[in-house]
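Here is the structure we will look at.
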Amino acid sequence: MSRQLFGTDGVRGQANTWPMTAEVALRLGAAAGRHFRRDKQEHRVVIGKDTRLSGYMIENALTAGFTSTGMNVFLLGPVPTPAIGYLTHSLRADVGVMISASHNPAADNGIKFFGPDGFKLSDEDERSIEALLQKDLMPAAPENIGRARRLEDARGRYVEYAKTTFPHRKRLDGLRIVLDCANGAAYKTAPAVLWELGAEVISIGVSPDGFNINAECGSTHPQAAARKVRESRADIGICLDGDADRVILIDEKGQTIDGDQIMGLIASHWAREGRLQGNALVATVMSNLGLERFLEGQGIGLERTAVGDRHVVEAMRAKGHNLGGEQSGHIVMTDYATTGDGVIGALQFLAAMVETGKKASQLGRVFEQVPQKLINVRYARDKAPLDSAEVQQAIADGEAALGTSGRLLIRKSGTEPLIRVMGEAENVGLLTDVLNKIVDSVNRAS
């Protein structure tokens, strides 16, 4: 059966429109409950969310669906996505759920599932759940309906765990850190982790109102944190996204440090310590050519995957690697977490600052980037721009123009109605001309 609900990262869409309706969420909870409730023993599900207003509606609908199949529900409230992976495994739950649309606007929402091992579900599991949705779901007998309760110490459990990933007996004393939580899921946990490790924390983006998640703040809008870093003379800025599974850093000069630079630093550091399993980093096709050249110079391999942290994790598990991620700031370290974790990724960079005594600007430029440009083009949901003959010809012409001096990556977003037009080349003028022609053709087809 082809998948219709599940995309590259769970189920996602605009809140209160298909598929992100209360009705679909209820049936999805019931289907997932039936999929994971395979015997007569007690079964548990943990449900967390970010700070979107629609999270209340979807949380209640999912809870009704799960309890109707006899599963007991632990409601965690606003917590980072990686906390769901950690707590699903820690609480011996059968399934974990995160209600979030990550870095998307507040009007969107999504549902991500995690298996009992704390990792996101396989394609096979998702197909099975989607198949169950098409059937009449058998509810539990009245005496077997599940219970639901709040787990009050969920955030505290994650805070304590995150702190254990920082080097033993090291502290952040003396560091002034600007922390932008994007008015999202980590607005309480992230400041607590850094403060308890000794940092002076200047927090922004910690006043969620249901509508302001990711709004001109967080990892997709690091300008607010950069201004605060310069204004407060901070040592570093940390920008999380709405569900805190990605991170972008700001050095003391107000310059951005992206996921590629963070991964390059961690990979070289772990390789020197003999901690880099398989002596390779797993990254997506979006990662800069400069990172590949840097790693090659260090004798470290680079395994590339399709875009999406899920693809990165699948490749890491299949090949035995423990470090991977995306340029956008997903940093996956399976020694510590089952998915991207913005807080723990930032702690690894901070550990390097503490251990070397170097400034963020010195550690955050481990390689020279090949000029790269990314242009997002929004299209109508009933259109398919990449199927247009004109667009395909523009892409072919662009590839011919760049030849071996650059590369193009044109793809549809898995989470929004966007065509992502990306290119790299040493000749910036040529690159700009090529991308503009492709964007013009996509706009005409949109």
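The values are calculated or read from the model by the stated rules, or taken from the named source; none is laboratory data. It should be emphasised that the depicted structure is a prediction, and the values quoted were computed from it without experimental measurement. With ideal geometry, Cβ positions are generated from the backbone for all residues, glycine too; neighbour counts draw on all protein chains shown. For accessibility, only protein heavy atoms count, side chains too; no ligands or nucleic acids. Shrake-Rupley method; radii C 1.70, N 1.55, O 1.52, S 1.80 Å.
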Would you grab the residues whose amide H sits under 5 Å from the one on R246? Only those 5+ places off in sequence or on another chain, please, with H modelled 1.01 Å from N. D241, G342
For the modelled label position 7 Å from the Cα of E399 along Cα-to-Cβ, which residues of region 421-435 have backbone nitrogen atoms closer than 19 Å? 421-426, 431-435
Cα-projected label distance for Q392 with N144, points at 7 Å along beta-carbon direction, nm: 5.2
Protein-only accessible surface order, largest first, of H311, H330 at 1.4 Å: H311, H330
note: region 82-163, Cα-Cα separations exceeding 18 Å make up a percent value of 60
Compute the separation of the alpha-carbon centres of region 64-82 and region 262-301 and state it in Å as a whole number. 37
Which value in deg cm²/dmol, rounded to the nearest 500, describes the helix-derived mean residue ellipticity at 222 nm for the chain, given -39,500 (n - 2.57) per DSSP H run of n ≥ 4 and division by the residue count? -11500 deg cm²/dmol
The local net charge around D136, scoring Lys/Arg +1 and Asp/Glu -1 for residues other than D136 whose Cβ lies under 14 Å from its Cβ, equals +3
Placing each pseudo-label 7 Å from Cα in the direction of the beta carbon, T164 and A306 end up separated by a distance in nanometres of 3.5
Please give the charge dipole size of the chain, origin at the Cα centre, charges +1 on K and R Cβ atoms and -1 on D and E Cβ atoms. Round to the nearest 20 debye. 640
Return the aspartates and glutamates within reach of K135: Cα separation strictly under 20 angstrom, same-chain partners fewer than 8 residues apart disregarded; answer none if there are no such residues. E23, D39, D123, E124, D125, E126
Proximal charge balance of Q277 [Cβ under 13 Å; K/R count +1, D/E count -1]: 0
For region 276-410, averaging the sequence separation of alpha carbon pairs under 8 Å that lie six or more residues apart and dividing by its residue count, the contact order in percent is 21
Any idea what the relative contact order of the chain is, in percent, if you count C-alpha pairs under 8 Å spaced at least 6 apart? 13
Counting pairs of alpha carbon atoms under 8 Å apart in space and at least six apart in sequence, what relative contact order in percent does region 18-91 give? 41
Please list, ordered by chain and number, the residues whose modelled amide H lies under 5 Å from the amide H of G301; skip anything fewer than 5 residues away on the same chain. A280, L281
On full extension of the chain, what length is gained from N16 through R381, given 0.36 nm per residue of separation minus the C-alpha to C-alpha distance? 129.8 nm
How are the Cα pair distances of the chain distributed, in percent, across 10 Å bins from 0? 5, 21, 30, 27, 14, 4, 0
